[in-house]
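Have a look at the structure below, then the notes.
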Amino acid sequence: MDYATFLKNKEFKIDSVGLDVEREELHETLFDFQKDIVKWALKKGKAAIFAGTGLGKTLMQLEWARQVHERTGHNVLILAPLAVASQTVREASKIDLSVTHIRQNNVTDGINITNYEQLHNIDTSKFGAIVLDESSILKNFTGKVRTQIIDEFRDTPYKLACTATPAPNDHMELGNHSEFLGIMSGYEMLSMFFINDFKEKQWRLKGHAADKFWEWVSGWAVMITKPSDLGYEDGAFDLPPLNMKEVVIPSGAENSLLPEVAQTMLERRRARRESISDRVNKAAEIVNSTDEQFLIWCDLNDESEMLTKSINGAIEVKGSDTVEHKEKTMLGFASGEVSRMVSKPSIAGIGMNFQSCRNMVFVGLSDSFEQIFQAIRRSWRFGQKREVNVYIVISEREGAVLQNIKRKEEEFNQMVDGMIIHTKKINEQEINATKKDIMSYTANEQITLPMFIKETSQ
């Protein structure tokens with residue numbers, strides 16, 4: 001064997017093990033780019049859809065589930081975050097699909113959905129297809145639960161993972177998805193494409209391997225932040241303006257021209273607690289000055305309690321609440337029946353559609369850019385017709401937190417752009433290959449049968 005053949009054999013090929021479905025066979029309500037992504041994911045059989053918030057991941061995964069069930073007879077299980085399951089059942093009716101929300105092991109024939117927290121109650125052997133909704137939730141779970149999800153569905157024939165564009169600097173999130181889909185384990189991915197940078201205490205993508213890495217990712221995942229990333233018209237996916245308004249609460253420090261800005265986590269926590277009353281009062285003033293619907297995000301339990309007492313008509317959703325209360329309140333807010341909701345991004349900031357609301361206020365920030373990004377996208381997403389107003393009420397001493405979030409946002413945008421550049425050409429080739437080319441033909445002459453055919457037919 002020569003060296004060129006050796007290298008060729010080392011290439012990692014990802015086979016398609018799925019279903020051939022024509023675009024015209026998919027539900028008519030899906031946009032063209034959604035149909036082509038679903039067609040591609042069905043062809044792969046095991047795939048990930050990394051689509052920006054508001055691009056219709058729910059409808060795409062539901063249509064994927066419908067096609068798999070109808071063509072294979074397999075029961076399909078969708079795992080989703082709390083309250084998102086009930087919302088998905090409602091969304092399914094838009095494409096004439098019945099989805100059963102199960103809480104225990106009462107599996108029905110067809111498509112079932114439950115919360116991640118209920119997985120231990122479900123007999124997963126009854127399913128031939130699995131969908132992970134908001135699949136980035138894998139990295140937020142303990143290693144035990146993450147391993148359980150991967151192990152439970154290791155031999156499941158059809159798999160789909162759906163989430164927003166993954167954090168570009170968290171390569172293990174991609175590794176988790178690859179391992180779940182049965183493509184390659186996270187450790188194999190690291191050893192093939194990365195270097196362990198002990199000085200920086202992180203895994204760094206090998207310089208010469210960047211193109212190959214994203215080519216590998218594009219073999220099992222599609223990345224899209226807007227339809228035009230794959231050559232489609234953005235149309236209604238062009239969002240209205242987003243107005244970010246910082247409201248800085250003075251520190252009140254005496255005998256100091258410049259406030260002492262908190263730097264460490266402990267200092268930031270102390271500054272946050274010292275300013276809690278002022279921040280809550282300012283947020284309540286902003287919300288109570290209007291009759292419009294408002295979403296109030298907080299970071300501390302004390303903030304949540306005080307905000308609920310200070311804001312007219314506010315309903316609190318906290319971690320210790322019952323599942324029933326959380327679902328009822330979040331779904332009520334989504335429908336516009338609840339006018340003010342107070343919660344943390346970690347509780348209500350993933351998966352829900354709150355386009356009915358165009359106003360939100362953050363009363364203190366955590367250091368998680370992803371949580372803040374996701375929380376804003378609950379309202380600023382496809383279907384939102386009005387300008388979205390986001391107020392950030394923060395103590396003057398917490399400036400380091402805001403600066404840190406802005407830095408992460410800039411890094412995130414730069415790296416997402418890089419991901420799209422690396423994968424755009426490959427994804428376009430893969431996804432656009434699903435389109436059916438039709439050539440128009442106009443007949444200029446009348447067709448006549450040959451004599452021997454005429455004689456035979458007589």
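The values are calculated or read from the model by the stated rules, or taken from the named source; none is laboratory data. This one's a predicted model, so the numbers in the text were calculated from it and none came from an experiment. Positions of Cβ are backbone-derived with ideal geometry, glycine not excepted, and every protein chain shown enters the neighbour counts.
Of the residues that sit in the stretch 362-390 and are of a type in the set (A, V, I, L, M) and in contact with a Cys (Cβ under 9 Å, 6 or more places away or on another chain), which one is modelled with the highest pLDDT? The residue in question is V388. Among residues of the stretch 218-232 that are touching a residue at least 24 places away in the same chain (Cβ under 8 Å), those with a beta-carbon under 6 Å from a residue that is assigned to a loop (DSSP other than H, G, I, E, B) at least six positions away or on a different chain give the pairs G219/I14; W220/I14; W220/I183; T225/G52; T225/T165; K226/D234; P227/D234.
Out of I130, I150, I113, one residue alone is surrounded by fewer than 18 Cβ atoms within 10 Å (Cβ to Cβ) and at pLDDT 90 or above. It is I150. Is it the case that some residue within the stretch 86-109 is assigned to a strand (DSSP E or B), in contact (Cβ under 8 Å) with a residue 40 or more places away in the chain and closer than 19 Å to K57 by Cβ? No; the residues of the stretch 86-109 include none that is assigned to a strand (DSSP E or B), in contact (Cβ under 8 Å) with a residue 40 or more places away in the chain and closer than 19 Å to K57 by Cβ.
For the stretch 355-372, the tally of residues that are in contact with a helix residue (DSSP H, G or I) (Cβ under 6 Å, 6 or more places away or on another chain) and closer than 16 Å to V287 by Cβ stands at 3.
Pairs linking a residue in the stretch 405-424 that is modelled with pLDDT under 75 to a residue that is of a type outside the set (D, E) and assigned to a helix (DSSP H, G or I), with Cβ atoms under 6 Å and 6 or more positions apart or on different chains, are H422/W214; T423/W214; T423/S218.
Using the structure shown, decide if A65 is among the small types (G, A, S), at pLDDT below 95, buried (at least 20 other Cβ atoms within 10 Å of the Cβ) and touching a strand residue (DSSP E or B) at 6+ places or on another chain (Cβ under 6 Å). The answer is no for A65. Annotation for the stretch 313-331: no member residue is in contact with a Gly (Cβ under 7 Å, 6 or more places away or on another chain), without any contact (Cβ under 8 Å) to a residue 60 or more places away in the chain, buried (at least 18 other Cβ atoms within 10 Å of the Cβ) and closer than 30 Å to E274 by Cβ. Restricted to the stretch 279-361, the set of helices (runs of 4 or more DSSP H) holding at least 3 residues that are in the same structural domain as S379 (by TED's automatic domain parsing) and over 15 Å from R377 (Cα atoms) comprises 301-310, 323-335. Would you pick out the residues in the stretch 342-354 that are of a type outside the set (V, I, T) and more than 16 Å from the chain's Cα centre (by Cα)? S343, K344, listed by residue number. Scoring I392 on the criteria (1) under 22 Å from E246 (Cβ atoms); (2) out of contact with any strand residue (DSSP E or B) (no Cβ under 7 Å at 6 or more places or on another chain) leaves a single failure, condition (2). Candidates in the stretch 267-290 are the residues that are among the hydrophobic types (A, V, I, L, M, F, W, C) and over 31 Å from the mean Cα position of the chain (by Cα); of these, the one that is modelled with the highest pLDDT is I276.
Restricting S379, S366 to residues that are farther than 14 Å from G54 by Cβ, assigned to a loop (DSSP other than H, G, I, E, B) and either among the aromatic types (F, W, Y) or in the same structural domain as S335 (by TED's automatic domain parsing) (or both) narrows the list to S366.
In the condition set (1) modelled with pLDDT under 95; (2) more than 30 Å from R407 (Cα to Cα), S310 is compliant with all but (1). Scanning the stretch 313-333 for residues that are within 13 Å of S86 (Cα to Cα) and polar (S, T, N, Q) yields a single hit, T329. In the stretch 201-218 there is no residue that is assigned by TED's automatic domain parsing to the domain that holds L79, at pLDDT 90 or above, in contact with a strand residue (DSSP E or B) (Cβ under 7 Å, 6 or more places away or on another chain) and not β-branched (V, I, T). In the stretch 367-392, the residue that is surrounded by the most Cβ atoms within 10 Å (Cβ to Cβ) out of those that are over 20 Å from the mean Cα position of the chain (by Cα) and not hydrophobic (A, V, I, L, M, F, W, C) is Y391.
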